[in-house]
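Down below is the structure, laid out as structure tokens.
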Amino acid sequence: GAVVSQHPSWVICKSGTSVKIECRSLDFQATTMFWYRQFPKQSLMLMATSNEGSKATYEQGVEKDKFLINHASLTLSTLTVTSAHPEDSSFYICSAPGQKGFETQYFGPGTRLLVL
Amino acid sequence: AQSVAQPEDQVNVAEGNPLTVKCTYSVSGNPYLFWYVQYPNRGLQFLLKYITGDNLVKGSYGFEAEFNKSQTSFHLKKPSALVSDSALYFCAVRDTLRDYKLSFGAGTTVTVRA
């Protein structure tokens, strides 16, 4: 089946630093990937749609300069949290549509970010 | 706009008893419906989906869901719950007349007691 990985699985950083999170589709190509944010015991909030070879599409209220997305190849998308602050602490999850299209999305295991 | 409602924050059942997790949806066109399960500090695992065809959909780990168009519902069911089914369950919908984005419900925490 389709596997999506994320790296790192967790990261702790100081306030003001930038953190990069990678999302990879391991056994399939993904021209589109999605980035979600999840607060404890809450639902997933779609942050942005990552498009290979073009700019990401951000959801309303998400700062594109704060959350930089780069879809470098057909198997890799990165999310960089710039100048991180404690309120950016969250669980970040990426997903990618399967090979049959957008009928099913496959989710990565998530990255826990803690900003001190 | 598309939306999903999971009316129960928590569902508690005894092991061996039937488990039901409720979900209702709202879309403009025809829905694609999904159930995902999330274990602590993990990503979402796909359980099952309804795209078209039979209203009763069977998925992973013995789960099934029934699509009811008149009631706009897609309840998740398992005839005999296991302690290992304890997790957070999300219902999601995609409106086929709109784009490919998924909208998730708030989630239902299932606790199965031994």
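Any read-out appearing in this document is the output of simple, stated calculations on the displayed coordinates, not a laboratory observation. Small disclaimer: the values here were computed from a predicted structure and weren't measured. Using ideal geometry, Cβ is built from the backbone for each residue, glycine included, and neighbour counts are taken over all protein chains shown.
Unpaired Cys in the protein assembly as shown, meaning no second Cys C-beta under 4.7 Å: A:Cys13.
Each residue, A:His85 and B:Glu66, gets one label point 7 Å from its Cα in the Cβ direction; the gap between the two is 5.0 nm. Seen from A:Ala48, the other residues with C-beta closer than 9 Å to its C-beta sum to a net charge of 0, counting Lys and Arg as +1 and Asp and Glu as -1. Quick one: net charge of B:Pro40's neighbours, Cβ under 13 Å, K/R +1, D/E -1? Computed value for this residue: +3. The mean sequence separation of alpha-carbon pairs under 8 Å and at least six residues apart, normalised by the residue count of chain B, gives a relative contact order of 38 percent. Between A:Lys66 and A:Phe39, the simple spin-label model (points 7 angstrom out along Cα→Cβ) gives 1.2 nm. Over 28 Å between Cα atoms, which of A:Lys20/A:Lys41; A:Lys55/B:Lys49; A:Lys55/B:Lys69; A:Lys66/B:Lys49; A:Lys64/B:Lys22 qualify? Table pairs above 28 Å Cα-Cα are A:Lys55/B:Lys49; A:Lys55/B:Lys69; A:Lys66/B:Lys49; A:Lys64/B:Lys22. Under 5 Å between amide hydrogens, built in the peptide plane, is the criterion, and for A:Ala56 it picks out A:Asn51 among residues at least 5 positions away or on other chains.
Normalising the Debye intensity of segment A:11-116 to I(0), with uniform scatterers on Cα atoms only, and taking log10 at q = 0.11 Å⁻¹ returns -0.31. The mean number of partner chain beta-carbon atoms within 10 angstrom of a residue's beta-carbon across peptide A:43-50 is 4.
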